[in-house]
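In what follows, a single structure is set out as structure tokens and then discussed.
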Amino acid sequence: MLKYLMKRSGIYLIMIFLTTSAGYFLAVSSLKPAVLEQEKIPRPTPEQVNASFRGLGLDPEKNAWERYIEWLGGILTRWDWGRSPNGAFVNAEFADRVMVSTRLFIASIILTLVIGVALGVYSAARQYKFQDRVITSYSYLVHILPAPIAYFLVQLGAISINEAVGERIFFVTGISTPGIEPGWPAFVDLVAHYAVPTFAMTIFGWAGYQIAQRQYLLDNVNADFVRTARAKGLTRNQAIRKHALRVSFIPVAQSIAFTIPAIFTGGFFAEAIFAWPGIGLWSIQAISLQDVNVATATLAYGSVIFAIGAILADFATTLVDPRVRVQ
Amino acid sequence: MSTNTTPVERLRDAGLYSPGDAVLSVRDLNVRFNSENGVVHAVRGVDFDLMPGKTLGIVGESGSGKSVTSMAVMGLLPETADITGSVRFKGKELLGLSDKAMCKHRGSDIAMVFQDPLSSLTPVYTVGTQIIEALTVHNPTMSKQAKEARAVDLLRMVGIPSPKDRLKAFPHEFSGGMRQRVMIAIAIANDPRVLIADEPTTALDVTIQAQVLEVLHTAQEETGAAVVMITHDLGVVAGMADDIMVMYAGKPVETGTVEDIYYNPRMPYTLGLLGAVPRIDTATKQSLVPIEGTPPNLALPVTGCSFAARCPMVSDACLHGEPELFPVPGVSVPGVEGQTLGHKAACIKAEELSGNADAHKIFHAPPKPVSKFDGVARVERDKVLELKDVKKHFPLLKGALIKRRIGTVKAVDGLSFDIREGECVSIVGESGCGKTTTLLEIMEFHPDQVGEVVIGGVSNKVATDHKTKMAMRKEMQMVFQDPTGALDPRFTVYEVLAEPLENLGMPKAAIRKRIMELMKLVGLQPDHVNRFPNQFSGGQRQRIGIARALAVNPKLVVLDEPVSALDVSVQAGVINLLDQLRAELGLSYLMVAHDLSVVRHISDRVAVMYLGNIVETGDVDDVFDNPRHPYTRALLSAIPVPDPQLERTRERIILEGDLPSPLDAPKGCNFATRCPVFAALPAAKQEKCLTLEPPLASEEEGAQDFACFFPDGEIDADMLVVHA
């Protein structure tokens, strides 16, 4: 198993290198930070701009290949991912951004997963009954609702609760209140900030899992092996629980591992609306600020997360399906 | 209560069970399903009594309600099914029990073996877990060790080698036959009194079928269970069953002992079914009995006899009121004690069919067609296809990035044979023997192939340009196994048939004319050309497939299992059509089939394949009447014959194990590992089989070729089985 993981990791490492390099070339040839410098007042001369960029390792006079070698050398020798046009070090900000994203998403990822799969099983067992119709209709409705609108609705709801109570229970934006004293007050403050985004992402996030789990389970409810289990003397519900559920979870386990990275890297709506400046928002900002190094770094991070997701998917599949054997 | 009832009947009426009584008693069972087209009345009044230790065969074509009956008995039908009547197990009513209450009986009193062993076991649990689950459900107090020991015993009983290790194996590590053995082990785990087997061998190869039937036989002996055997194959039940119930359109149409049904059928449907099955043990070349038409739509009310639309003896009286099952006149109804069913038939003309009614005459079976080639000696006819030492080896690779060759799979290993004008050559053998690869190699027709393929005088070594290849394709066409999958559902029949003609650049008007000809040729109505394939029955779709193959006037038609997806009654019609077309159009056939009875009926020559090699080939009558190679002998003995007396006294060679993987093909004779003759040989002679490869040669001029050093050798006694 370890050998297999090493081998897969090696292959993904090569793929990450290739996507990141390709991303760097794309960024370096299309992002021109010098254009933004021209909007400064007083307007700097091109020589001044070039000189300041040269100091940051962003020399616009070098060609793409030279800059790539310089950038790659920095990473390989000093683990230095370069600097932004404003002089900030990518390495310095990176860890903070990743932390913010992780804190924002981790609870809702676990909650969506558990609730989504549980509701999928519940609705499949009651196919076409009232409960199934309500749950599944809700999931389809949520699917077509754009995320920003959904999040705004939750924020409005939280605000109206605050108003109704007459006290600020929930914070609809931000990570924490500045200057809060540590200990119990800090914890209450954290929960008050955390509740709204987590709630919003959870209730609008489980739909995909619910629909997938329901569908895969229904595909297996009438499978021949469930009939065999019933012929042995298991009740219908026992047969479904023991035999159909595990088989139906195989494709869901695969998809879970792949959706987690998508949430991390594609969560900029949530980060922007709830004002949690994480990695997703950073990548969008990097493009608008013509920041080559940050754009490439976020891309590299996305690739790593995807590789981890893919390995997790393999791992999850081997765990639930004995037919897949690791060699 | 009337005075002339027996004690058994009085007990039964009181809801009690007496030991001599039927263990399973079904009365007036009706099953209705709600569908989009209205209520489908799938089972309409089934009655039967199953005596302890006896075997009841339920026979009928697909859609006749056999399986629904068994599922109703098991309580496994969907909740939406409307089930009425009575199903009593040892006098206790089972219908109407809740799922939970029914679970006490399922798997302990009544167990079931299903048709498809590949999908009937849960893929993610070991077979041990699945067997032990069956034990746990009904014996919650049994210790873990006791359950494991019992599971090992069960696996041993059904003939799985090294059962202790195999407990930890997953279903995908077993072959189909092995999985069906596991299914039987699960079914008999709790010593059921009733074992229902629903087409238990339909999905298996003939040699494996013989093994599994043998295991069922052992299981019945060990447990003393009564067996309900559901099948469409009249051969399978002939040797096993005591009583037979023939079902048609959801209703039993004839019941009786196995002798009554096979030797004295009194319902035209039964008669037709028996005449529709080709026989492996007779050389008489007679057409098969086709039963035209399709079963009635059970969503509509049945007003007359349900078989009337297809019955050649139909008269006005048949259309008024559905005939009930009543005792066949002239046959004494046996006493109630001991005997289950008297001979009964649901036909108002049962009396007319007494004596030896000739199914061929009644069903107007066509005369055996005569071909213009029949009088010509084989050597004087032209060769339409010739294979010279054709090989197809697949490399077996290992490794993710850099592939290493760790072995070779010899799918086809040096095949040579030819087909002459007007003859049908069949290739037979178990799955995995290389039949399909042979066909693919012929269709491939590429200069880079190993060996030479000559079609209509054109060799694959010469024909490199597109034009000669197109000419070759015109000479040879193919009919596929699954008529539904082989036709594009979005094409009308006209479009299906026009496509090959358009490829040839035929003008529009000529295409239209040709299509009308083709429709008539294959026995379809020409005005149906604008219909889509789903508006035809399975047999009609296969006729469309044949018409498409014939569109470009080929000389050779390759038939890949042309009738295996069809019901017996429909199969007969398609086989007759193939026979007739061959005679009328002077076609040659290359057929691949696993049903040796069909092969015997239609072929002139046969080639028996084993692990990529031909082990015996020659005239079909020579090979079938006097098989020389032990593998051919085993194959032929494995085919059940629809004749109860013959079947009970037949010696059967049961081959051990499955077809070995072509990867481990041994040196010397490929077949030695499973050979019943080899097993009986003294060690000195065995040496020869293990070191030398027997050549394919004949003993005398004109006889069949075979590849064995010890033909007609004595068969190992352990592999011979007779059920006297």
### Task
Among what's in the stretch B:110-119 and is at the interface with chain A (Cβ under 8 Å from one of its Cβ atoms) and of a type outside the set (Asp, Glu), pick the residue that is farthest from residue B:76 (Cα to Cα).
B:119
### Test: residue in the stretch B:646-653 that is surrounded by fewer than 23 Cβ atoms within 10 Å (Cβ to Cβ), within 24 Å of residue B:179 (Cβ to Cβ) and not basic (Lys, Arg)
yes
### For residue B:238: the one exception among (1) assigned to a helix (DSSP H, G or I); (2) in contact (Cβ under 8 Å) with a residue 60 or more places away in the chain; (3) over 30 Å from residue B:354 (Cβ atoms)
(3)
### Task
Starting from residues that are within 34 Å of the chain's Cα centre (by Cα) and of a type in the set (Val, Ile, Thr), keep the ones in the stretch B:669-712 and report whichever is surrounded by the fewest Cβ atoms within 10 Å (Cβ to Cβ).
B:673
## Note on the structure
The correct count of residues that are polar (S, T, N, Q), more than 14 Å from chain A (Cβ to nearest Cβ) and either surrounded by fewer than 17 Cβ atoms within 10 Å (Cβ to Cβ) or part of a loop (DSSP other than H, G, I, E, B) (or both) in the stretch B:50-109 is 4
### Task
Please identify the pairs in which a residue from the stretch B:120-148 that is facing chain A (nearest Cβ under 8 Å) and touching a residue at least 12 places away in the same chain (Cβ under 8 Å) has its Cβ atom under 8 Å from the Cβ atom of a residue that is assigned to a helix (DSSP H, G or I) and of a type in the set (Gly, Ala, Ser), counting only partners at least 6 apart or on another chain.
B:122/A:229
#### Entry: strands (runs of 3 or more DSSP E) (entirely within the stretch B:351-461) containing at least 2 residues that are in contact (Cβ under 8 Å) with a residue 24 or more places away in the chain, in contact with a Pro (Cβ under 9 Å, 6 or more places away or on another chain) and under 22 Å from residue B:614 (Cα atoms)
B:404-420
### Query
Taking the stretch B:623-667 only, how many residues are charged (D, E, K, R), in contact with a strand residue (DSSP E or B) (Cβ under 9 Å, 6 or more places away or on another chain) and in contact (Cβ under 8 Å) with a residue 12 or more places away in the chain?
4
### Summary
Only one of (1) part of a loop (DSSP other than H, G, I, E, B); (2) at pLDDT below 90; (3) among the hydrophobic types (A, V, I, L, M, F, W, C); (4) buried (at least 22 other Cβ atoms within 10 Å of the Cβ) does not apply to residue B:178, and that is (1)
### Message
Consider the stretch A:132-149. How many of its residues are more than 10 Å from residue A:207 (Cβ to Cβ) and surrounded by 13 or more Cβ atoms within 10 Å (Cβ to Cβ)?
### Response
3
### Query
Any idea how many residues of the stretch B:495-520 are more than 21 Å from residue B:539 (Cα to Cα), part of a helix (DSSP H, G or I) and of a type in the set (Gly, Ala, Ser)?
2
#### Entry: Options B:615, B:606; residue that is surrounded by 22 or more Cβ atoms within 10 Å (Cβ to Cβ) and touching a His at 6+ places or on another chain (Cβ under 6 Å)
B:615
### Query
Residue check: is residue B:198 in contact with a Phe, Trp or Tyr (Cβ under 6 Å, 6 or more places away or on another chain) and within 14 Å of chain A (Cβ to nearest Cβ)?
yes
### Summary
The helices (runs of 4 or more DSSP H) lying entirely within the stretch A:142-236 that contain at least 1 residues which are under 30 Å from residue B:99 (Cα atoms), within 14 Å of chain B (Cβ to nearest Cβ) and aromatic (Phe, Trp, Tyr) are A:207-221, A:224-232
### Query
Applying the selection to the stretch B:417-444, what residues are surrounded by fewer than 19 Cβ atoms within 10 Å (Cβ to Cβ) and more than 29 Å from the chain's Cα centre (by Cα)?
B:444
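The values are calculated or read from the model by the stated rules, or taken from the named source; none is laboratory data. Owing to the predicted nature of the structure, the values given are computational and were not obtained by experimental measurement. Note: ideal-geometry Cβ built from the backbone for every residue, glycine included; neighbour counts use all protein chains shown.
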